[in-house]
Amino acid sequence: LVKPFPPRPRVFFSHSEQFLNERQSGLNAYWDSLSKAVPGAHSFEGKEIKTVRSQLYKFLEVDEHMSRFRRRKDEERRLRAVSAADKKLQEQRRELTKLRKKKAQTTREKMGVAEDWKLERLYNSPEIQAIKNVVVFVSMCPASTMIRKHTMSLVNLFRALNIKFETKDVSSDRKSREYMLENSTAANKRLTPQVFKGGKFLAQWPQIQDIHEEGKLVSFLLSAAAATGK
C-alpha cells in the first residue's frame, strides 16, 4: 500500500526541528512505498520515480528550507560561541585590572604613599622641586623600536613625576653626541636614552626602571644631586 502523502505546510519558515524531521520521514515513506507499488519490469521506472521525487522535492523547496534552517542553526551556534568568547575576554580584562590595582597598591606601599594620595602633593613636594640639572640624551632617529619605546617610557615617567629635565638629541647634535660618548660610563655608550645629572652619567632606562619600581627614584636623583653638588 502507498503511504499517504504528507500535507504541504502553509509557510516555509518558523517550523520546529521535530516537524521538519517528521515531514521528511513522511516523504521518504511515501516515495519508498510508491516505488514498491508501481508495477514494471524495467529498472528505468525506478529511476524515473527518483527523478520525479527529486523534482517534487525541489518544487516543494524542502531542500532549500532545510538548508535555511541549518544556516539559521549554525548562525545561532556561532553567536553563542562569540558571546561566550566575549564573556571570557571580559573576565580576563577584569582579572587583569585587579592585578594592576594590586601591583599599584604594592608599589604605593614600597614608596610609602598612602592609598588616598594626591598627585598634586607629589608634584609640589620639596624633594621633586630640589631635583634640577637633569639632562636626558635621546635619539630622534633610533636604530630599533626598542630604543624608541625606552625613550618614550623614560620621558613619560619624568613628566608624570613632574621632574624637570632637558632633552638633547644625539642624532642631530654632534656636540651632544660627543659629550655623551666622552662622559658616559655605561657598558654600551652609544645606547640611548641616558640620564645625566650635573654633567655626570647616572643610568640608562633599564636601571631607571628598576629603581623606580623599588620606589627609590626620587632619593636616587637627590643623592646624585648631593654627590655632584648641583
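The values are calculated or read from the model by the stated rules, or taken from the named source; none is laboratory data. Predicted model only: the values in this text are computed from it and were never measured. Using ideal geometry, Cβ is built from the backbone for each residue, glycine included, and neighbour counts are taken over all protein chains shown. Note: accessible area is taken over every heavy atom of the protein model, side chains too, but ligands, DNA and RNA are not part of it. Shrake-Rupley method; radii C 1.70, N 1.55, O 1.52, S 1.80 Å.
A simple rule links phi to the HN-Hα coupling: the Karplus curve 6.51 cos²θ - 1.76 cosθ + 1.60 with θ = phi - 60°, which for region 69-83 gives 5, 5, 4, 5, 5, 5, 5, 5, 5, 5, 5, 5, 5, 5, 5 Hz, with x for Gly and Pro.
A Förster radius of 25 Å, combined with the Cβ-Cβ distance separating residue 95 from residue 146, puts the computed FRET efficiency at roughly 0.35. Accessible surface comparison of 30, 179, probe 1.4 Å, protein chains only, largest first: the order is 179, 30. The distance between label points at residue 209 and residue 28 comes to 6.4 nm (points 7 Å beyond Cα on the Cα→Cβ vector). Residues whose amide H lies under 5 Å from that of residue 203, counting only those 5 or more places away or on a different chain, are 195; hydrogens are built 1.01 Å from N in the peptide plane.
Ordering 75, 95 by accessible surface, largest first, gives 95, 75; the 1.4 Å probe counts only protein heavy atoms, with every chain in place. Treating r as the C-beta distance of residue 21 and residue 82 and R0 as 25 Å, the FRET efficiency rounds to 0.35.
For the set 175/197; 149/200; 164/200; 98/216; 103/197, the pairs lying more than 22 angstrom apart at their alpha carbons are 149/200; 98/216; 103/197. In this structure the amide hydrogen of residue 167, modeled in the peptide plane, comes within under 5 Å of the amide hydrogens of 136, none closer than 5 places in sequence on its chain.
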